[in-house]
Amino acid sequence: MEALIKQAATDLADAKTVVALTGAGISTESGIPPFRGKGGLWERMDPMEVAHIDAFMRDPAKVWNILVKEMKGIVDKALPNDAHKGLVKLEKMGKLSTVITQNVDGLHQLAGNTDVIEFHGNFAWQRCMECNRYYETRKVDISRIPPRCECNGILRPNAVFFGEIIPPDALGRSQQAARDCDLMLVIGTSAEVQPAALMPVIAKKSGAKVIEINMERTHLTDDVSEYLIVGKAGQVLTGIIAQMEKAR
Ligand code: OAD
């Protein structure tokens, strides 16, 4: 791991435009469970039953009770960890331009990154399915499930459910960022979900180096990534930044 951390520090120092693509794995050290793998949400619940738009339309109370209430309890309290803070340092060093995140937890913005593309929307807001009024999730009263708008419409997370399209602006800006970067850091994503997992492919096809930081191999590892640094995102990013600072 040490040799690869040094290599990544050199590659980052040489790069002009760096973009990060992040997934649930960057927030596990903040106490937010991932979706897949050990301890993942989808081990305990079926995403087609609780995270598909058809399931929500069929039975919003069920989806609120099983998934949304639990997420609200965790995300309301979560704080950025060393990995989020590392990406802020990279931005301050003038290296990182954009974070494309599949996460809906808002932790990149809370840490201080200034250009964050929320590929799957966010959990900070709930919106009324009738009149489109927005409510801050932290302030939503969940004594009645599903919570309702003043107009009596049902509130839904401002996040993307399975079966819904990616917000067009987020998709377009992400594709552009992937084409424009010369180094993409892919951190804590299983790369199982499309079209997010295409962003490193676009970056590579446009000539960028793709560096993965993950606890395990993914199907980007063999054909898309230059190399994979196996480890916890917080520890790896802290190590890379320490190397970069030493070399300055
Ligand atoms: P996953 O849960 O699929 O993958 C998380 C990845 O992070 C796994 O490969 C883990 O090995 C890795 N990981 C876990 N802890 C880590 C750590 N401390 N440091 C580094 N890596 C770690 O999460 P995503 O790829 O983000 O979509 O999932 C993609 C989408 O699937 C989500 O945005 C969500 C979900 O269904 C929607 O809700 C639409």
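The values are calculated or read from the model by the stated rules, or taken from the named source; none is laboratory data. Worth saying up front: this structure is predicted, and the values here are computed from it rather than measured. Quick reminder, even Gly has a Cβ in these numbers, built from the backbone with ideal geometry, and neighbours come from all protein chains shown.
Looking at segment 76-96, which of its residues are in a loop (DSSP other than H, G, I, E, B) and basic (K, R)?
If the condition is that a residue be in a loop (DSSP other than H, G, I, E, B) and basic (K, R), then K77, K95 are the ones that fit.
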Do we find that V160 is surrounded by 11 or more Cβ atoms within 10 Å (Cβ to Cβ), more than 18 Å from the chain's Cα centre (by Cα) and either not hydroxyl-bearing (S, T, Y) or not assigned by TED's automatic domain parsing to the domain that holds I100 (or both) in this structure? no
Does R148 fit the bill of being touching a strand residue (DSSP E or B) at 6+ places or on another chain (Cβ under 8 Å) and either assigned by TED's automatic domain parsing to the domain that holds Q235 or away from the ligand (no atom under 16 Å from the Cβ) (or both)? yes
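Per-residue answers, yes or no, for (1) within 16 Å of the ligand (Cβ to nearest atom); (2) under 20 Å from L237 (Cβ atoms); (3) assigned by TED's automatic domain parsing to the domain that holds K204; (4) not aliphatic (A, V, I, L, M):
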{"position": "A3", "(1), (2), (3), (4)": "no, yes, yes, no"}
{"position": "A8", "(1), (2), (3), (4)": "yes, yes, yes, no"}
{"position": "D14", "(1), (2), (3), (4)": "no, yes, yes, yes"}
{"position": "T17", "(1), (2), (3), (4)": "no, yes, yes, yes"}
{"position": "A20", "(1), (2), (3), (4)": "yes, yes, yes, no"}
{"position": "E43", "(1), (2), (3), (4)": "yes, no, no, yes"}
{"position": "P47", "(1), (2), (3), (4)": "yes, no, no, yes"}
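How many residues, within segment 49-75, are outside any helix (DSSP H, G or I) and either small (G, A, S) or not assigned by TED's automatic domain parsing to the domain that holds P147 (or both)?
1
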Could you please let me know if V224 is outside any strand (DSSP E or B), touching a strand residue (DSSP E or B) at 6+ places or on another chain (Cβ under 6 Å) and without any contact (Cβ under 8 Å) to a residue 40 or more places away in the chain? yes
Test: R217 is more than 20 Å from V63 (Cβ to Cβ) and either away from the ligand (no atom under 15 Å from the Cβ) or not hydrophobic (A, V, I, L, M, F, W, C) (or both): yes
Does any residue of segment 96-106 turn out to be more than 23 Å from I202 (Cα to Cα) and free of Cβ contacts under 8 Å to residues at least 12 places away in the same chain? no
Checked against (1) acidic (D, E); (2) under 18 Å from G37 (Cβ atoms); (3) more than 9 Å from the ligand (Cβ to nearest atom), D222 satisfies every condition except (2)
Can you report the number of residues in segment 29-48 which are surrounded by 15 or more Cβ atoms within 10 Å (Cβ to Cβ) and part of a helix (DSSP H, G or I)? 5
Which pairs turn up if I take residues in segment 227-242 that are farther than 18 Å from G31 by Cβ and look for partners that are more than 8 Å from the ligand (Cβ to nearest atom) and modelled with pLDDT under 95 with beta carbon separation below 6 Å, at least 6 apart in sequence or on another chain? G231/M1
Answer yes if at least one residue in segment 209-224 is touching a Gly at 6+ places or on another chain (Cβ under 9 Å) and of a type in the set (V, I, T), and no otherwise. yes
Could you tell me whether segment 157-168 includes any residue that is in contact with a Ser or Thr (Cβ under 7 Å, 6 or more places away or on another chain) and modelled with pLDDT of 95 or more? no
Picked from segment 100-136 (must be within 15 Å of M71 (Cβ to Cβ) and of a type in the set (F, W, Y)), the residue nearest to the ligand (Cβ to nearest atom) is F123
For segment 6-27, give me the residue count where each residue is buried (at least 21 other Cβ atoms within 10 Å of the Cβ) and either of a type in the set (A, V, I, L, M) or in contact with a Gly (Cβ under 7 Å, 6 or more places away or on another chain) (or both). 11
